[in-house]
Amino acid sequence: QKEVEQNSGPLSVPEGAIASLNCTYSDRGSQSFFWYRQYSGKSPELIMFIYSNGDKEDGRFTAQLNKASQYVSLLIRDSQPSDSATYLCAVTSGNTGKLIFGQGTTLQVKP
Amino acid sequence: DVKVTQSSRYLVKRTGEKVFLECVQDMDHENMFWYRQDPGLGLRLIYFSYDVKMKEKGDIPEGYSVSREKKERFSLILESASTNQTSMYLCASSQGGSQETQYFGPGTRLLVL
C-alpha cells in the first residue's frame, strides 16, 4: 500500500514565526510532489509543486524535496493568522495520473 | 484560471434515493476525479476518468458509479443512498500527461437521512 504520512498536528506557531510542515512517502517511483492548503469547510487549493531535489521558493513558501530520504517539506516564513488551515501533501502514484494524499497537518498561527 | 464547478454546495437526501452529483471543468482537462473526504480519513478516491467514456475504480468505489459522456463533465451517482455516504464530495481535474496538478471544485456536502 503506497502511503503518504503527515503529522496531523495541530502545529501551533506564533505570528511572524516559520512554520515547518513535513511529509514522508513510501513509493520511490513518485516523481511529483504537491502541497495543498485547505481552509475549514472549503476545498483544497494548490500552493506549490516540486519535481526536483532541493528547494523551491514562492513568496513566503518554500518546498523542500529529498528523494533519497523520501521526504518533502513546506516552510512558511513570516506566518500569518490567515495561514491557519490544514496542509495536504500529495505525491504522484506512478504514471497513473493519480495523486496519493496525506491526511494533512493542521496549522494554527496565533496572533 | 482553471475552473471546476460542482452542481450543488449542499444536498440533503433520503436513504434509498438515487443521487446525482455533477462536476464540470472548463480547461479541456483529460483527467477527472471524484473523492470523498471524512474527518480522520482524509481524501479517498472513489473513481477517476482519463478520457470520455473511460473510468477506473479508485480506493472506495462500492456503492458509487460514474459517467463521463463529455470531456468537460464527470458525474458521480449514488445508486441507493445510505447514511454512511454522508460526506463531503470533491471533484478534481488535471491536464494529464506530465501535468498532474489537480484542481478542485468547491465540494458538495451531502447529508443522507
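Select from region B:37-76 the residues that are part of a strand (DSSP E or B) and basic (K, R) and write down the one among them that is farthest from A:Q38 (Cα to Cα).
Within region B:37-76, the first condition is being part of a strand (DSSP E or B), and the residues that meet it are B:37-38, B:42-51, B:54-57, B:64-70, B:73-76.
Add one more test, that the residue is basic (K, R), and what stays is B:44, B:55, B:57, B:68, B:70, B:73.
Details: B:R44: 15, B:K55: 27, B:K57: 25, B:R68: 27, B:K70: 29, B:R73: 24 Å.
Across region B:37-76, the extreme among qualifying residues is B:K70.
Among (1) aliphatic (A, V, I, L, M); (2) buried (at least 16 other Cβ atoms within 10 Å of the Cβ); (3) assigned to a strand (DSSP E or B), where does B:V12 come up short?
Of the numbered conditions (1) aliphatic (A, V, I, L, M); (2) buried (at least 16 other Cβ atoms within 10 Å of the Cβ); (3) assigned to a strand (DSSP E or B), the odd one out for B:V12 is (2).
So which of B:I60, B:I77 is of a type in the set (V, I, T), in contact with a Ser or Thr (Cβ under 6 Å, 6 or more places away or on another chain) and at pLDDT 95 or above?
Criteria check complete, one pass: B:I77.
Those residues that are over 15 Å from the mean Cα position of the chain (by Cα) and buried (at least 16 other Cβ atoms within 10 Å of the Cβ), I need them from region A:1-26; list them, please.
Listed by number, the list holds a single entry, A:V13.
Let me spell it out: the conditions are (1) touching a residue at least 60 places away in the same chain (Cβ under 8 Å); (2) closer than 26 Å to A:C89 by Cα, and B:E79 meets all of them except one. Which number is the exception?
(2)
Could you list, in sequence order, the residues of region A:6-34 that are within 11 Å of chain B (Cβ to nearest Cβ) and under 21 Å from B:E100 (Cβ atoms)?
From region A:6-34, those within 11 Å of chain B (Cβ to nearest Cβ) are A:6, A:8, A:30-34; that's our starting set.
The answer is A:Q6, A:S30, A:Q31, A:S32, A:F33, A:F34.
Being assigned to a strand (DSSP E or B), surrounded by fewer than 20 Cβ atoms within 10 Å (Cβ to Cβ) and not acidic (D, E) is the filter here, so list the residues in region B:20-36 that pass it. Let's see the steps before the verdict.
Initially, region B:20-36 is screened for residues assigned to a strand (DSSP E or B), giving B:20-25, B:31-36.
Still in the running and surrounded by fewer than 20 Cβ atoms within 10 Å (Cβ to Cβ): B:20, B:22, B:24.
Those that are assigned to a strand (DSSP E or B), surrounded by fewer than 20 Cβ atoms within 10 Å (Cβ to Cβ) and not acidic (D, E): B:F20, B:V24.
Can you tell me which residues in region B:55-113 are of a type in the set (V, I, T), within 11 Å of another protein chain (Cβ to nearest Cβ) and surrounded by 20 or more Cβ atoms within 10 Å (Cβ to Cβ)? Break it down stepwise before answering.
Going through region B:55-113, the residues of a type in the set (V, I, T) turn out to be B:60, B:66, B:77, B:83, B:86, B:101, B:108, B:112.
Okay, now just the ones that are also within 11 Å of another protein chain (Cβ to nearest Cβ), so B:101, B:108.
B:T108, the sole residue that qualifies.
So which residues in region A:89-111 are more than 7 Å from chain B (Cβ to nearest Cβ) and either surrounded by fewer than 20 Cβ atoms within 10 Å (Cβ to Cβ) or under 20 Å from B:Q95 (Cβ atoms) (or both)?
Within region A:89-111, A:A90, A:V91, A:S93, A:G94, A:N95, A:T96, A:I100, A:T106, A:Q108, A:K110, A:P111 qualify.
Going by the structure shown, is B:L41 facing another protein chain (nearest Cβ under 8 Å) and loosely packed, with under 13 Cβ neighbours inside 10 Å?
Working: facing another protein chain (nearest Cβ under 8 Å): yes; loosely packed, with under 13 Cβ neighbours inside 10 Å: yes.
So B:L41 passes the test.
The values are calculated or read from the model by the stated rules, or taken from the named source; none is laboratory data. All of these numbers come straight from a predicted model, not from anything done at the bench. Virtual Cβ from ideal backbone geometry, glycine too; neighbours counted across all protein chains shown.
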